[in-house]
1. Of the residues that sit in segment 498-522 and are surrounded by 19 or more Cβ atoms within 10 Å (Cβ to Cβ) and within 12 Å of residue 662 (Cβ to Cβ), which one is modelled with the lowest pLDDT?
2. Restricting the search to segment 523-541, which residues are open to solvent by less than 20 Å² (accessible area, probe 1.4 Å) and farther than 14 Å from residue 565 by Cα?
3. Looking at segment 505-539, which of its residues are under 19 Å from residue 555 (Cα atoms), in a helix (DSSP H, G or I) and not aliphatic (A, V, I, L, M)?
4. Which pairs have Cβ atoms under 6 Å, sit 6 or more apart or on different chains, and link a residue in segment 66-79 that is under 12 Å from residue 285 (Cα atoms) to one that is open to solvent by 80 Å² or more (accessible area, probe 1.4 Å) and modelled with pLDDT under 95?
5. Quick check on segment 62-107: of everything there that is part of a loop (DSSP other than H, G, I, E, B) and open to solvent by less than 20 Å² (accessible area, probe 1.4 Å), which residue is nearest to residue 138 (Cα to Cα)?
6. Any residue that is more than 28 Å from residue 200 (Cβ to Cβ), in contact with an Asp or Glu (Cβ under 8 Å, 6 or more places away or on another chain) and not in a loop (DSSP other than H, G, I, E, B) - is there at least one of those in segment 279-289?
7. Do you know which of the residues in segment 110-143 that are buried (at least 22 other Cβ atoms within 10 Å of the Cβ) and over 25 Å from residue 200 (Cα atoms) is modelled with the highest pLDDT?
8. Is one or more of the residues making up segment 250-261 within 19 Å of residue 227 (Cα to Cα), touching a Pro at 6+ places or on another chain (Cβ under 8 Å) and not hydroxyl-bearing (Ser, Thr, Tyr)?
Amino acid sequence: MLLFFTLGLLVHFVFFASIFDIYFTSPLVHGMTPQFTPLPPPARRLVLFVADGLRADSLYELDENGNSRAPFIRSIIMHEGSWGISHTRVPTESRPGHVAMIAGFYEDVSAVAKGWKENPVEFDSLFNESKYTWSWGSPDILPMFAKGASGDHVYTYSYDAEREDFGADDATKLDTWVFDKVKDFFHAARNNQSLFSKVNEEKVVFFLHLLGLDTNGHAHRPSSREYKDNIKIVDDRVKEIVSMFQHFYGNDGKTAFIFTSDHGMTDWGSHGAGHPSETLTPLVTWGAGIKYPQKVSADIAPLMASLIGVPFPLNSVGILPVEYLNNTDLFKAESMFTNAVQILEQFKVKMTQKKEATLPFLFTPFKFQVIQDLVASLLTFPLSHFVGHLLICTLGIEVLVLSFFYRYMLTAGLVIFAGWPFLTQLWTRAKVTSLSWTFFSLLLAVFPLMPVVGRKPDLSLVMSAGLLVLLLSLFVITSLIKRKNSFIKEELLVHLLQMLSTVLSMYVVYSTHNSLLKKQGLPLMNQVVSWAILASSLVVPLLSSPVLFQRLVSILLSLMSTYLLLSTGYEALFPLVLSCLMFIWIHMEQETLQQSGVCYKQKLTSIQFSYNTDIIQFRHLCLDDIRRAFFLVFFLVTAFFGTGNIASINSFDLASVYCFLTVFSPFMMGSLMMWKILIPFVLVMCAFEAKYDTYDSKTILFLDFFLMKSHFVFISQHFFFLVKDYGSWLDIGTSISHYVIVMSMTIFLVFLNGLAQLLTTKKLRLYGKPKSHLI
């Protein structure tokens with residue numbers, strides 16, 4: 001048994017770590033042969049303007065007077081060049097956007113490990129393939145294309161990083177600095193023979209990075225006067241630069257111009273996600289080799305490489321937009337062929353590297369003989385049973401998967417659960433139990449519909465949960481008083497202690513809330529009492545009777561005292577409702593197994609928890625085993641999402657831990673919130689443990705635990721393929737969180753099961769040994 005669980009944990013740890021090796025290591029390969037079109041290119045030089053943070057609609061739309069904010073760009077659109085909307089890919093940040101444009105691929109997420117400031121893996125780019133590249137702009141963007149370039153032919157001119165100030169009076173100075181430096185550069189070139197010779201070479205690139213719009217957008221929003229005036233300034237200065245190029249090169253018609261943006265911006269001045277205002281950017285091209293206006297899609301990196309005749313960037317995966325080219329059919333065909341060979345080279349190198357680093361018997365072509373064998377084996381089952389069971393299992397698993405995205409799917413599942421007794425013979429055998437199951441299933445179904453984030457604290461609900469716990473304690477004490485045995489004093493003392501803990505928890509929550517409202521801080525006595533209740537919550541249940549019903553109630557009462565301290569609203573009621581449903585579930589499963597003849601019905605007040613791992617009897621797997629395992633998995637997922645959590649850190653309110661500490665301490669606060677999450681898990685696992693003591697069969701426990709793990713494996717495989725290494729940080733983080741949550745559940749359920757066994761089977765005594773009575 002120990003070996004089985006050890007191997008299982010090892011496998012899950014391997015799967016857990018595999019996503020970081022598969023999704024978050026660089027896909028780039030090296031060693032390809034540069035590919036370029038052998039025919040003469042249409043342009044000798046390329047000028048690339050990138051207006052950082054410029055939205056497409058802000059450039060193209062007319063102002064309130066019906067005039068264009070960028071009249072020069074507008075005239076290019078109408079008469080000289082090709083234009084359109086370029087679609088950037090999330091995350092819509094400056095570095096990934098520039099890498100896509102200039103290197104031709106979407107930068108992998110491993111760049112975040114260095115804050116997107118340095119290259120985690122060196123890559124080829126248009127600038128590296130050029131004869132010379134001169135660039136002006138932000139110190140955050142330019143160095144990444146110069147670092148790692150072969151030779152010293154990429155020149156960068158940047159202003160000081162301190163200039164990038166969101167609180168500056170005039171962020172347009174960032175753009176005017178660039179334009180002024182470019183004009184100074186060409187003025188100096190007329191008086192410097194060496195520089196004059198270089199700028200007159202072919203295959204040269206001039207890159208102007210304009211950060212003013214991005215800075216004004218962050219500081220004042222894209223709808224502001226500052227942002228719109230910045231567009232006008234950029235348009236005027238681009239006109240000056242274009243005129244200067246034409247004059248400097250004597251109107252030779254060998255200059256290609258591209259004006260675009262790396263990303264857009266939301267109405268509230270942010271970017272990084274996938275809203276159209278962030279992903280839709282302008283693209284305007286004109287000059288040598290460019291056709292007149294038309295509607296086509298374009299990958300910018302191969303387009304620029306083709307225009308000036310340099311090799312396509314080795315890591316580029318872009319497809320050349322031949323519709324933009326104003327050249328012969330032969331030139332277009334050669335360019336398309338070169339583009340295809342360049343992409344094929346990456347595949348060949350990647351395949352060779354994988355083959356060299358993989359064991360031979362693992363690197364084999366996929367055999368279609370595999371699918372046929374699988375279909376043949378499945379067809380051996382009766383078709384009706386196979387299809388029915390497959391649909392039910394698939395539907396159940398998909399509901400659980402969808403619940404990670406839409407919490408209301410748990411509500412739908414619990415509503416279906418509510419009707420379960422009426423679809424079986426349970427309704428005729430145990431009407432009261434069936435009605436109770438339906439009532440508490442529907443009551444629990446309300447919680448996934450409650451708000452997740454942004455809710456205000458509601459102490460009345462926390463106090464209501466505390467009062468319900470006190471009523472439950474009084475009910476238990478009343479039932480104990482009616483019993484006549486020698487242990488009544490000890491048990492009464494335990495329950496009175498738990499009632500005191502509940503009262504103290506309610507007082508501390510109320511007192512702390514009022515103290516913080518008055519800005520008086522967390523009272524020291526409240527803090528001491530809170531930590532004392534937390535420390536005792538796992539010890540006090542061990543003092544109670546090992547009788548199943550009493551021990552489960554004791555565990556609930558102790559954990560509820562801690563949970564009240566960690567609650568701010570409706571979630572305080574959740575463990576109470578969940579535990580009631582768990583009690584009824586134990587009764588329902590007992591009726592089911594008695595009906596099938598697996599065990600005989602016993603009174604829960606007479607059954608005691610026992611620690612026994614021996615498997616005495618064996619039996620075949622039945623459909624009820626799969627159903628029980630699915631119920632357990634469903635309740636475990638509900639235990640997490642039902643309390644208002646989502647797979648994002650912003651769903652956890654720091655106000656939950658204010659009864660314990662208010663000074664920011666990430667580790668301590670995170671640990672307390674983690675324990676709050678685990679309390680409903682512990683309650684479910686204790687009920688899981690209790691079910692099998694009522695059956696007196698560890699075989700069923702082993703089967704159901706194995707099937708439960710199997711359910712989680714199927715769910716985890718869904719999220720394994722849903723992990724994203726592209727998109728906004730919210731999308732990437734959420735996809736990782738989903739996989740981590742499922743795999744963590746699978747791994748830590750073993751430990752939670754051990755904790756549940758400890759809480760249910762161990763017994764501590766307040767004093768001495770019990771007296772023996774001879775009968």
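1. Among those that are surrounded by 19 or more Cβ atoms within 10 Å (Cβ to Cβ) and within 12 Å of residue 662 (Cβ to Cβ), it is 522.
2. If we filter segment 523-541 for residues that are open to solvent by less than 20 Å² (accessible area, probe 1.4 Å), which is where we start, we get 526, 530, 533, 537, 540-541.
Across segment 523-541, the qualifying residues are 540, 541.
3. 505, 530, 531, 536
4. If the second residue must be open to solvent by 80 Å² or more (accessible area, probe 1.4 Å) and modelled with pLDDT under 95, the pairs left are 77/83.
5. First, the residues of segment 62-107 that are part of a loop (DSSP other than H, G, I, E, B): 63-67, 69-70, 80-81, 88-93, 104-107.
Keeping just the survivors that are open to solvent by less than 20 Å² (accessible area, probe 1.4 Å) gives 70, 81, 91-92, 104-105.
Numbers: 70: 23, 81: 28, 91: 19, 92: 17, 104: 21, 105: 21 Å.
Of everything passing the filter in segment 62-107, 92 is nearest to residue 138 (Cα to Cα).
6. yes
7. 138
8. Here is the first cut: in segment 250-261, the ones within 19 Å of residue 227 (Cα to Cα) are 259-261.
When the remaining residues are screened for being touching a Pro at 6+ places or on another chain (Cβ under 8 Å), the result is 259-261.
Remaining after also requiring not hydroxyl-bearing (Ser, Thr, Tyr): 259.
Scanning segment 250-261, I find at least one residue that is within 19 Å of residue 227 (Cα to Cα), touching a Pro at 6+ places or on another chain (Cβ under 8 Å) and not hydroxyl-bearing (Ser, Thr, Tyr), so the answer is yes.
The values are calculated or read from the model by the stated rules, or taken from the named source; none is laboratory data. Remember, predicted model here, so these are calculated numbers, not experimental data. Because the Cβ atoms are built from the backbone with ideal geometry, glycine has one as well, and the counts that use them run over all protein chains shown. Only protein heavy atoms, including side chains, enter the accessible area calculation; ligands, DNA and RNA are left aside. Shrake-Rupley method; radii C 1.70, N 1.55, O 1.52, S 1.80 Å.
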